[in-house]
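The values are calculated or read from the model by the stated rules, or taken from the named source; none is laboratory data. None of these values were measured; they are calculated from a predicted model. Neighbour counts are summed over all protein chains in view; Cβ atoms, including those assigned to glycine, are modelled from backbone coordinates with ideal geometry.
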Amino acid sequence: MEVKLAPFTHDVHHYALLMQTLYPGAAVREHAHNQLNEFFIITRGTARASLDGAEATCPKGSVIIIGRNVWHWWGNPGEVNAQNFAIIDPPGVEGALALTGRERRHDEPWPDDIERSPETGRILHERYGFVIKDGSADATA
């Protein structure tokens, strides 16, 4: 997943903006947030999303609203990139993405060694309000 975001050091403290690109076959694992709401607009491709177990296909132009404590995931089942523009209220998820991701230039290969550990899961929960099933950063269900 590629994420472009507005750093949380800016002067707007009520929400964060980011753009996520999921490459074909990629997915964001199921999780919830106990401190924030997410508002996604699919801007490219087609995504598949689940909110509290209800799955839907979301073509370009779809809007996905995810409230606090809603279990959700989204993925790209297609053959082209899927992209969303997201508004996060309040800000904070950008810090989690910066913590668990890796900065990459567009011409660099996709990293395959980003660590996902129970410690990362604990930090995501304590610092950013992520809820990941069974408490593990690698839990999928």
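For this structure, a couple of remarks:
- Test: residue in the stretch 3-13 that is under 17 Å from GLU94 (Cβ atoms) and either modelled with pLDDT of 90 or more or touching an Asp or Glu at 6+ places or on another chain (Cβ under 6 Å) (or both): yes
- First in the stretch 79-98 and at positive phi, second anywhere and at pLDDT 75 or above and of a type in the set (A, V, I, L, M, F, W, C), Cβ under 9 Å, 6 or more apart: GLY92/ALA16; GLY92/LEU36
- Every condition in (1) surrounded by fewer than 16 Cβ atoms within 10 Å (Cβ to Cβ); (2) acidic (Asp, Glu); (3) under 23 Å from THR120 (Cβ atoms) holds for GLU30 except the one numbered (1).
- In the stretch 103-141, the residues that are modelled with pLDDT of 70 or more, part of a loop (DSSP other than H, G, I, E, B) and under 14 Å from the mean Cα position of the chain (by Cα): GLY129, ILE132
- Members of the stretch 39-49 that are surrounded by fewer than 20 Cβ atoms within 10 Å (Cβ to Cβ) and not hydrophobic (A, V, I, L, M, F, W, C): THR43, ARG44, THR46, ARG48
- Subset tally (residues that are closer than 21 Å to THR100 by Cβ and either free of Cβ contacts under 8 Å to residues at least 40 places away in the same chain or outside any strand (DSSP E or B) (or both)) for the stretch 20-49: 8
- Selection from the stretch 50-72 of residues that are surrounded by 16 or more Cβ atoms within 10 Å (Cβ to Cβ) and under 14 Å from ALA86 (Cα atoms): SER62, ILE64, ILE66
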